[in-house]
Amino acid sequence: MMNIEEIIRLTLMEDIGESDHTTLSTVPAAAVKHARMIAKQAGILCGTNIVAKVFTTLDPHLTVDIVRHDGDAILPGDVILRVSGNARAILTGERTALNFIQRMSGIATKTHSLMKKVEGTNAKLLDTRKTTPLLRELEKYAVKCGGGDNHRFGLFDMVLIKDNHVDFAGGINAAILSANDYLTTHGKPLQIEIEVRNFDELREALQTGSIHRIMLDNFTPEQIRTALNIIAGKYPVEASGGITEENIRQYAETGVDYISVGALTHHIKSLDISLLAD
C-alpha cells in the first residue's frame, strides 16, 4: 500500500512536471517570503499535517506553523497556518497543498453535518470504499476528523458479501458457507458482513448464521424497523443505500447500529481555503 510520503511525491510530480516555469521565470531564487493559509468558508478543518509535508517535501528548510488543527471548526478569515522560507518553494507547492486541504476539509465538513443530523441516536456514521483512487487513507482520515467512523479500508480487512457475490455464488446460503470455509482454510480471522436486498434474503441469512453483521440495502425506514424486529438483536445492523441529508435522521431513529453513506467521500464540495502572501 502506498504511503503518504509517496502520494505527496507523486502528486507534486504530476503538477510540476519538468519544472515550475512560471515561478522560476518571475521570482528571484534567493527570495524569502511569508504566506498564510486562511479559511474563506466555515467548516471542519482537515489536512494541516499533509500541507506541512507538501511544503517540506519541496524544501525541508521551509517553516510551517500550524495555527488551527485537524478537527477544529473554522470560520471565514481564520488563519489556518503560516509558511515561511524560499518563495519559489512556497509558490510551487501552493496548489498541491490547497488541493489536499480543501478536499479533506470538505469531507470532514460533510461528515460533521451528517453527524449533527443523527445526534442523540445510537447510529454510527460510516464511510465506504467510494474514494478517490490512491487517496483513500487521507479521505477516510477526513471522515474521522468530521466525527464519523471508518468501514473496512479495502477488500483485504473484511468479508463483505454484496449482491453480485450472492448472485455469482448461487445465493445467500452458498455465499456465507463458502466464505466461512475460505476463512477457515486460509486462517483469516476476518468478520463477515452480508448484504440483503429483501426479507427473503434476510431470513435466509439468519437461518444460515455464521456472520457478524447484516447490511440492509435500500430498505425504507419502515422496512428497517420490521427487519430489526425479525433480527431481534442477534447481529449488528447497517443501513445502506438511498440515504440522504433529508432522510438520514429517519434511518437513524429506526435503531440501526450503523449507517453507511458513500457520499461522504465521493460527492463532496471542497472547502474554500486560500494561501495569501504576507
Residue-normalised accessible area of the stretch 1-138, given per residue in Å² at a 1.4 Å probe = 50 Å²
With every protein chain present, what accessible area does Asp70 have (1.4 Å probe, heavy atoms only), rounded to the nearest 10 Å²?
-> 40 Å²
Place a +1 charge on the Cβ of each Lys and Arg in the chain and a -1 charge on the Cβ of each Asp and Glu, then give the dipole magnitude about the Cα centre in debye, rounded to the nearest 20.
-> 440 debye
Alpha carbons only, please: Rg and Dmax for the stretch 186-251, in angstrom.
-> 12.7, 43
Using a probe of 1.4 angstrom, how much of the accessible area of the chain is carbon and sulfur, in percent?
-> 51 percent
How large is ³J(HN,Hα), in whole Hz, for each residue of the stretch 15-21 in order, when computed from phi with the Karplus curve 6.51 cos²θ - 1.76 cosθ + 1.60 and θ = phi - 60°, using x for Gly and Pro?
-> 7, 7, x, 6, 4, 8, 5
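By how many nm would the segment from Val67 to Lys33 grow when fully extended, if each residue of separation counts as 0.36 nm and the alpha-carbon distance is taken off?
10.4 nm
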Calculated FRET efficiency, Gln250 and Ile16, Cβ-Cβ r, R0 45 Å, to nearest 0.05?
-> 0.40
Inter-site label distance for Ser178 and Asp278 at 7 Å from Cα along Cβ, in nm | 6.1 nm
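Give the Rg/Rh ratio for the stretch 212-278, taking Rg as the radius of gyration of the Cα atoms and Rh as the Kirkwood radius, to two decimals.
Rg/Rh for the stretch 212-278 comes to 1.23.
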Go ahead and estimate [θ] at 222 nm for the chain from helices alone: -39,500 (n - 2.57) per DSSP H run with n ≥ 4, summed, over the residue count, rounded to 500.
-> -13500 deg cm²/dmol
Taking only the alpha-carbon atoms of the stretch 1-144, the convex hull volume per residue, in cubic angstrom, is 114 Å³
Take the alpha-carbon centre of the stretch 92-152, take the same for the stretch 163-192, and report the distance between them in whole Å.
-> 30 Å
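Sequence gap at least 6, Cα distance under 8 Å: using those rules, report the relative contact order of the stretch 57-130 to the nearest whole percent.
Details: 34 pairs, mean separation 18.6, N = 74.
Across the stretch 57-130, relative contact order equals 25 percent.
Taking 2.2 N^0.38 Å as the expected size of a compact globular protein, what ratio does the Cα radius of gyration of the chain give against it, to two decimals?
That ratio works out to 1.22.
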Share of antiparallel DSSP beta bridges in the chain, in percent to the nearest 5?
-> 50 percent
In nanometres, the difference between 0.36 nm per residue of separation and the alpha-carbon distance of Leu24 and Glu6 is 4.0 nm
Sorted by accessible area with a 1.4 angstrom probe, largest first, how do Ile248, Ile268 fall?
-> Ile268, Ile248
Accessible area per residue, 1.4 Å probe, Å², for the stretch 162-278: what's the number?
-> 51 Å²
Tell me the Kirkwood hydrodynamic radius of the stretch 40-90 in angstroms, computed as one over the mean inverse distance between distinct C-alpha pairs.
-> 11.5 Å
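So, R0 is 22 Å and r is the distance between the beta-carbons of Arg203 and Asp163; what FRET efficiency does that work out to, to 0.05?
On the way: r = 17 Å, r/R0 = 0.75.
With R0 = 22 Å, the Cβ-Cβ based efficiency is 0.85.
The values are calculated or read from the model by the stated rules, or taken from the named source; none is laboratory data. This one's a predicted model, so the numbers in the text were calculated from it and none came from an experiment. Cβ sites come from the backbone with ideal geometry, for glycine too, and all protein chains shown count toward neighbours. Note: accessible area is taken over every heavy atom of the protein model, side chains too, but ligands, DNA and RNA are not part of it. Shrake-Rupley method; radii C 1.70, N 1.55, O 1.52, S 1.80 Å.
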